[in-house]
1. Of all residues in segment 1-59 being in a loop (DSSP other than H, G, I, E, B) and of a type in the set (V, I, T), which is surrounded by the most Cβ atoms within 10 Å (Cβ to Cβ)?
2. Which of (1) out of contact with any Ser or Thr (no Cβ under 6 Å at 6 or more places or on another chain); (2) over 25 Å from T42 (Cβ atoms); (3) touching a residue at least 24 places away in the same chain (Cβ under 8 Å) is the odd one out, the single condition S102 does not satisfy?
3. Would you tally the residues in segment 136-181 being over 13 Å from the mean Cα position of the chain (by Cα) and not in a helix (DSSP H, G or I)?
4. What number of residues within segment 120-141 satisfy the criterion of being closer than 11 Å to H99 by Cα and hydrophobic (A, V, I, L, M, F, W, C)?
5. Can you list residue pairs whose Cβ atoms sit under 7 Å apart, with the first residue in segment 159-181 being under 13 Å from G136 (Cβ atoms) and the second being modelled with pLDDT under 95 and part of a helix (DSSP H, G or I)? Count only pairs 6 or more apart in sequence or on different chains.
6. Take segment 151-166 and flag every residue that is surrounded by 16 or more Cβ atoms within 10 Å (Cβ to Cβ) and closer than 26 Å to D3 by Cβ.
7. Would you say L112 is assigned to a strand (DSSP E or B), surrounded by fewer than 19 Cβ atoms within 10 Å (Cβ to Cβ) and over 12 Å from the mean Cα position of the chain (by Cα)?
8. Any residue in segment 112-125 that is closer than 15 Å to V59 by Cα and touching a residue at least 60 places away in the same chain (Cβ under 8 Å) sitting within a Cβ distance under 8 Å of a residue that is among the acidic types (D, E) and part of a loop (DSSP other than H, G, I, E, B)? List the pairs, counting only those 6 or more apart or interchain.
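The values are calculated or read from the model by the stated rules, or taken from the named source; none is laboratory data. In this text the structure is predicted, and so the values were computed from the model without any measurement. Please note: Cβ atoms are built from the backbone with ideal geometry, for glycine as well, and neighbour counts cover all protein chains shown.
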Amino acid sequence: MPDRRTAQEALQRLIIDVPEWPEPGVLFKDITPVLADHTAFTATVHALAAMGREGGRPVVDKVVGMEARGFILAAPVALELGAGFVPVRKAGKLPRETHAVSYDLEYGSATLELHRDAIAPGERVLLVDDVLATGGTVKATRELVERCGGECVGVSVLMELGFLQPRELLGDFPVASLLAL
């Protein structure tokens, strides 16, 4: 199995900076080259799944991915952990009864939703996303999982934007990031 270092090296080599996208003042991190490289993608998925294991064994029932790039990462992490995958979507995208939480982003605000029956009471859940910026998306997603009765074990992310101090918002919530920027 690939190790964390292999994933980190691949991310550093393959992520492309796109300035002023999607808005002026934002430096977007394009992860599509990582996804297109089988070796890099495999190493990344394995490294993201590590937080969902204790002593090498999976300890989560569900993996939650946040829209949109979190979906791409969380689904294979769920497969690797032998867990179910649950999408957290932007408002109005899920067809059945949902819980909803509004929060602030680094460049605006948003509302996330989760089907009310997506997480059973007592299920252990790993959150997975591409970027940890302000911490708002993770905090909102954790609240959605807890409204269903689930227990969040932590969040695994590709990149953490430390200059935005996301851990201040998250407190002692466990965070595993492959790259700190």
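1. Ranking the candidates gives I31 first.
2. Single failed check for S102: (1).
3. 12
4. Number of matching residues: 1.
5. As it stands, the answer is L169/G136, since those pairs meet every condition given.
6. Those that are surrounded by 16 or more Cβ atoms within 10 Å (Cβ to Cβ) and closer than 26 Å to D3 by Cβ: C152, V153, G154, V155, S156, V157, L158, M159, E160, L161, P166.
7. Criteria not met by L112.
8. Going by the 8 Å Cβ cut-off, the qualifying pairs are E123/D61; R124/D61; V125/D61.
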